[in-house]
Amino acid sequence: MKPGKPESARGRPRDPEIDLAVIEATLHLLEQVGFADTTVQAVARRAGVGVPAVYRRWRNRIELIESAIFHSFKDTTIDPSHDLARDLQRFVDLYTARFATPAARSAVPALLSIYQSAPMQNRSVSERVGVEVRASFHRVLGAAGPELVDPGVDPDDILDMLIGSVLYRVFLRPFTGRADRDDHTTELVLRALHPKTCRHHHARP
């Protein structure tokens, strides 16, 4: 490429290698120097690209960091195994693995703070982690049957609860001093899904 020549002409497809280099540079900086110092300029230097190349792909630093943190959820699917507890644990493990990375630990608390101060920028964590994950969750619950999943339960509410539980487990529970269990979130979700068969069992005479 000649000096001073634009990396791509208008209408030309983006170079996926540059996208990947920028994402990897962003993750590296989040892990090594933290959220505040992961600037567009620092990312461009680390990735070996020009600053304009970054801004052609992401409007600002926050969108870049969001892409780096949440891109791993794209195209993630979990197929039903017809063992509901096992499948729910797979979702818990998926979210835990994503949010427990050093880069996510650096970025997610700061992003949540930004979302609180700028609500218009918040498209919700559940949207950012990918439609594919939510669709998989619906399929898993649908395959379980009414004996395990109350037909009146909203799958989106349950997934939001699962995500919130994982965020609590990763970011807050270590400060509570309480012991952690790998299956605790799955157990709570199973209880929330189970039909209320004993609603009137303990009614007073």
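The values are calculated or read from the model by the stated rules, or taken from the named source; none is laboratory data. Everything numeric in this text was worked out from a predicted model, so none of it was measured. Note: ideal-geometry Cβ built from the backbone for every residue, glycine included; neighbour counts use all protein chains shown.
Observations
One line per residue, one yes/no per condition, for (1) in contact with a helix residue (DSSP H, G or I) (Cβ under 8 Å, 6 or more places away or on another chain); (2) within 12 Å of residue 91 (Cβ to Cβ); (3) aromatic (Phe, Trp, Tyr):
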{"site": "153", "(1), (2), (3)": "yes, no, no"}
{"site": "159", "(1), (2), (3)": "yes, yes, no"}
{"site": "169", "(1), (2), (3)": "yes, no, no"}
{"site": "183", "(1), (2), (3)": "yes, no, no"}
{"site": "194", "(1), (2), (3)": "no, no, no"}
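- All positions within the stretch 75-109 that are within 16 Å of residue 186 (Cβ to Cβ), small (Gly, Ala, Ser) and not in a helix (DSSP H, G or I): 81
- Among (1) of a type outside the set (A, V, I, L, M); (2) outside any helix (DSSP H, G or I); (3) modelled with pLDDT of 90 or more - the single one residue 180 does not satisfy: (3)
- The set of residues from the stretch 84-122 being at pLDDT below 90 and small (Gly, Ala, Ser) comprises 113, 117, 118.
- Annotation for the stretch 49-63: no member residue is in contact (Cβ under 8 Å) with a residue 60 or more places away in the chain and either surrounded by 14 or more Cβ atoms within 10 Å (Cβ to Cβ) or of a type outside the set (Val, Ile, Thr) (or both).
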